[in-house]
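The values are calculated or read from the model by the stated rules, or taken from the named source; none is laboratory data. Owing to the predicted nature of the structure, the values given are computational and were not obtained by experimental measurement. No Cβ is skipped: glycine too gets one built from the backbone with ideal geometry, and neighbour counts run over all protein chains shown.
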Amino acid sequence: MTSQEQPRNPLHGLTLERMLTDLVDHYGWPELGARIPVRCFNLDPSIPSSLRFLRKTPWAREKVEQLYLYTLRQHQRAQR
């Protein structure tokens, strides 16, 4: 699919790694683990181990995507 086929999808073209990295930069591991309580965010967190878990666990990936969209909306509102 090209970007023209998904013009209103804010996640189109973003990798899971980019979303996770942005969330960790914004919230930090402790806050991210509090918002999405999964072990890979709370016990010895790292990007590679979290990516492995998120790629195997659809419900957790969906929570990361939803938090990313929420954070993106909050950031856009703050800029107005």
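Results, tabulated for the structure shown:
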item	result
Among (1) modelled with pLDDT of 95 or more; (2) surrounded by 14 or more Cβ atoms within 10 Å (Cβ to Cβ); (3) not aromatic (F, W, Y) - the single one Q66 does not satisfy	(2)
Single unsatisfied condition, P45 versus (1) free of Cβ contacts under 8 Å to residues at least 12 places away in the same chain; (2) part of a loop (DSSP other than H, G, I, E, B); (3) surrounded by 14 or more Cβ atoms within 10 Å (Cβ to Cβ)	(1)
Filtered residues of the range 21-37 (kept if within 16 Å of A60 (Cα to Cα) and either acidic (D, E) or in a helix (DSSP H, G or I) (or both))	T21, L23, V24, W29, E31, L32, G33, A34, R35
So S50, is it touching a residue at least 24 places away in the same chain (Cβ under 8 Å), out of contact with any Ser or Thr (no Cβ under 9 Å at 6 or more places or on another chain), over 18 Å from R73 (Cβ atoms) and of a type in the set (S, T, Y)	yes
Any hit, the range 5-20, residues being modelled with pLDDT under 95, exposed (fewer than 11 other Cβ atoms within 10 Å of the Cβ), among the acidic types (D, E) and out of contact with any Ser or Thr (no Cβ under 7 Å at 6 or more places or on another chain)	yes
